[in-house]
Amino acid sequence: MSTLTTEIPGRAGNLAVVNPPTLTEERKGLTKKEIAADHPTWCPGCGDFSVLALYFKLIEKRKLWHEKITTVAGIGCSSRFPYFVQAHGAHYIHGRALPFASGISLSRPDLHVFVFGGDGDAFSIGGNHFNHTARKNIKLTYCVMDNWVYGLTKKQTSPTSPLGFKSKTDQWGAVDYPINPMKQAISAGATFVARTTSTNPNHVLQMMEAAMDHDGFSFIECLSECVEFYEGAFDASNPRKGGVFNPVPADHDVTDELAAYKLAGEPFPGSFGIFYKVNKPTKNAKEAEINKSFQGKLTGLKDWQILQKNFDRMK
Ligand SMILES: Cc1ncc(C[n+]2csc(CCOP(=O)(O)OP(=O)(O)O)c2C)c(N)n1
Ligand code: SF4
Ligand SMILES: [Mg+2]
């Protein structure tokens, strides 16, 4: 079988080796070796390694190919994610990963867009975009690797840092009430809201798969310890550290918004699993419908004639 080597735009020297299928051969899924790019620059022991490894597993398991993988992130340690994935993606502006990813999602219905990032990226500078992407129900998966701190910039208080957390910005302990990512996602209108922890790999993969299969905005809060600036933050949720991992109760109704909100209010370590999941039309579907209805009316017209029609309508 012949081997095709394609250069990844904007990533000089980074080559993806793609084996095109022959007519008689079914195209095989990628191996981890073919998905992994640069060696992650995270500190040894950082929870983010586990999330990346499980993303690779997801790609392997779901037989996604290079040209179908889109990994987008903002800025932060966790947001370095796309660098380490040998596929298309972007390490975008701090807090702006979601609008960028929304554009991809709306224009390329054949792709599933994955967005990764940190608690600061999602809820400080990107808080506004989080709410709007959720309410628009744009089809993509957003996995926030929550470590309760700004890791990349070396220990500032983040919106999820608990009261009393001592950091470079709160030397006497954090005084601001932390946000609750799960409550925020539910109330913003996210149609899939789940919680997991990087210390439970099977569970992370399960949540990623369920999120990917959801037709809408799927949000996962994944606890991911920063061993450098917030060591032990999540020990109470890790049975190997004497904590407890409580799955969402089997009788929880994922379509019940109030029940989901109640679960989100449990004190740490709380529950892990899918809190909320409902089906609502996506912005993707609504826009596709509008485009389809207009395409019929505009057939045969040149671009300038379409523009002229629009201007005429605005007079
Ligand atoms: C516009 C802008 N403001 C501030 C920064 C500095 N900055 C880089 S990453 C970051 C926060 C990272 O925290 P988080 O999103 O929680 O990611 P982590 O490093 O913890 O994974 C900040 C404030 C920046 N890069 N750009
Ligand atoms: S500083 Fe923290 S979040 Fe960043 S790589 Fe190191 S352990 Fe991970
Ligand atoms: Mg963080």
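Where a number appears in this text, it was derived from the coordinates with a stated rule and is not lab data. Just so it is clear, the structure is predicted and the values come from calculations on it, not from any experiment. A quick note on method: Cβ atoms are made from the backbone with ideal geometry, for glycine too, and the neighbour counts reach across all protein chains shown.
Worth a mention:
- The spacing between region 168-220 and region 242-315, judged by their C-alpha centroids, is 16 Å.
- Gaussian network model of the chain, Cα within-10 Å springs - most flexible of ASP146, ASP121, ASP235: ASP235
- Relative frequency of Cα-Cα separations exceeding 11 Å in region 50-89, percent: 64
- Magnitude of the charge dipole for the chain, about its Cα centre and with charges confined to Cβ atoms of Lys, Arg (+1) and Asp, Glu (-1), is about 880 debye.
- GNM flexibility winner over the chain from GLY265, GLY89, GLY118 (Cα, springs under 10 Å): GLY265
- Angle between the chain longest axis and helix 283-298 axis [Cα atoms, degrees, rounded to 10]: 10
- C-alpha center-to-center spacing [region 113-135, region 64-81] in angstrom: 14
- Sorted fewest first by neighbouring Cβ atoms within 10 angstrom, ASP215, ASP303 come out as ASP303, ASP215.
- Tilt relative to the chain, helix 127-136 - C-alpha long axis, 0 to 90 degrees, to 10: 50
- Each residue of region 147-230 gets 96 Å³ once the volume of the Cα convex hull is shared out per residue.
- Packing-based exposure ordering (other Cβ within 10 Å, fewest first) of ASP119, ASP176, ASP170, ASP110: ASP110, ASP176, ASP170, ASP119
- Long-range Cα-Cα pairs in the chain (distance over 24 Å), rounded percent: 56
- For region 41-72, applying the loop criterion from DSSP together with a ceiling of 11 other beta carbons within 10 Å to the chymotrypsin sites (Phe, Trp or Tyr not before Pro) yields no site.
- Bridgeable lysines around LYS241 (alpha carbons under 20 Å apart, same-chain partners fewer than 8 residues away excluded) are absent.
- Gaussian network model of the chain, springs between alpha carbon atoms under 10 Å - residue of THR169, THR141, THR197 with greatest fluctuation: THR169
- Fewest-first ordering of TRP148, TRP304 by other beta carbons within 10 Å of each residue's beta carbon gives TRP304, TRP148.
- The peptide list 30-39, 129-138, put in order of mean Cβ contacts within 10 Å with the highest first, becomes 129-138, 30-39.
- Per-q log10 I(q)/I(0), region 85-174, q = 0.16, 0.19, 0.20, 0.22 Å⁻¹ (Debye; single scatterer per alpha-carbon; no solvent): -0.67, -0.85, -0.91, -1.04
- Using a cutoff of 8 angstrom between alpha carbon atoms and counting only pairs six or more residues apart, the relative contact order for region 143-292 works out to 24 percent.
- For region 171-315, the Rg and Dmax computed from alpha carbons only, in angstrom: 22.2, 69
- Rounded to 10°, Cα long-axis angle of helix 303-314 versus longest principal axis of the chain: 70
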